[in-house]
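Report on the following structure.
The values are calculated or read from the model by the stated rules, or taken from the named source; none is laboratory data. Keep in mind the model is a prediction, meaning the values are calculated, not measured. For neighbour counting, all protein chains shown are included, and Cβ atoms are generated from backbone atoms with ideal geometry for every residue, glycine included. Accessible surface is based on the protein model in full, side chains and every heavy atom, while ligands, DNA and RNA are left aside. Shrake-Rupley method; radii C 1.70, N 1.55, O 1.52, S 1.80 Å.
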Amino acid sequence: MNIRRVLTNFILIIVSFILQTTVFRVLDFGDIAPNLLMILTSATAFIKGDREGLICGFFCGLLVDVFFGTYIGFFALIYMYIGFVVGKFHEIFFSQNLAIPIVFITISDFVFGFVCYVLMFLFRTKFNLGYYMLNVIIPEMVYTAVIAIFYYPLILQINNRIDEKEEKEAKKFV
């Protein structure tokens, strides 16, 4: 992993966080905004593998923890696990196809919402799963999937350009 990829991933994380917390808060539907950091984590994991997905998920979650979390590391751990698990499918599926990554991003967002419900509400004896599922998890999952249709190809294109530049630099040394 070279400095160009690290810098690009850092910029993507910051831009995704800023868009998620500003622009998409204005464009929310029923107080639901898409989870751009989940799109970025799942897309990075699906394109580059489990290690990069784990690292991207950790920093995305850490950013959410610092600004919105009550405990440092809670969201970082969830994003990190999701990035790692989605990254395991990197070798199995072809990342250029649009449908499969969108399905993984949608499932990742559902898992994220469900795990957050279990760890944040269920343990505090708030058993309103039906309400939370219909009013938070599923609308956010759908909104995230719709945004992922446009955001995933951008992430894929950026990663492909970095890969091409890395290959050109590697050919210079051979």
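Structure data summary
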| read-out | value |
| --- | --- |
| Radius 14 Å from Cβ of LYS171, net charge of other residues (Lys, Arg +1; Asp, Glu -1) | -2 |
| Among 17-30, 54-67, 122-135, 83-96, the order from most to least packed when residues are scored by Cβ within 10 Å on average | 54-67, 83-96, 17-30, 122-135 |
| Förster-model FRET efficiency, 41 Å R0, PHE29 and LYS172, C-beta, rounded to 0.05 | 0.25 |
| Order of exposure, largest accessible area first, which applies to TYR117, TYR81 with probe 1.4 Å | TYR81, TYR117 |
| C-alpha long axis of helix 36-48 to longest principal axis of the chain, angle in ° | 40 degrees |
| Probe 1.4 Å, accessible area per residue of the range 63-174, Å² | 63 Å² |
| In Hz, Karplus ³J(HN,Hα) per residue of the range 138-147 (6.51, -1.76, 1.60; θ = phi - 60°; x = Gly, Pro) | 5, x, 5, 4, 5, 5, 5, 5, 5, 5 |
| Computed [θ] at 222 nm, helices only, for the chain once each DSSP H run of length n ≥ 4 contributes -39500 (n - 2.57) | -24000 deg cm²/dmol |
| Share of carbon and sulfur in the accessible heavy-atom surface of the chain [1.4 Å probe, %] | 71 percent |
| Note, ³J(HN,Hα) from phi for the range 63-80, Karplus 6.51, -1.76, 1.60, rounded to Hz, x at Gly and Pro | 5, 5, 4, 5, 8, 10, x, 8, 10, 6, x, 5, 6, 4, 5, 5, 4, 5 |
| Lys pairs, the chain - Cα-Cα below 24 angstrom, 8 or more residues apart or on other chains | 5 |
| Relative contact order computed over the chain (Cα-Cα under 8 Å; 6+ residues apart), in percent | 23 percent |
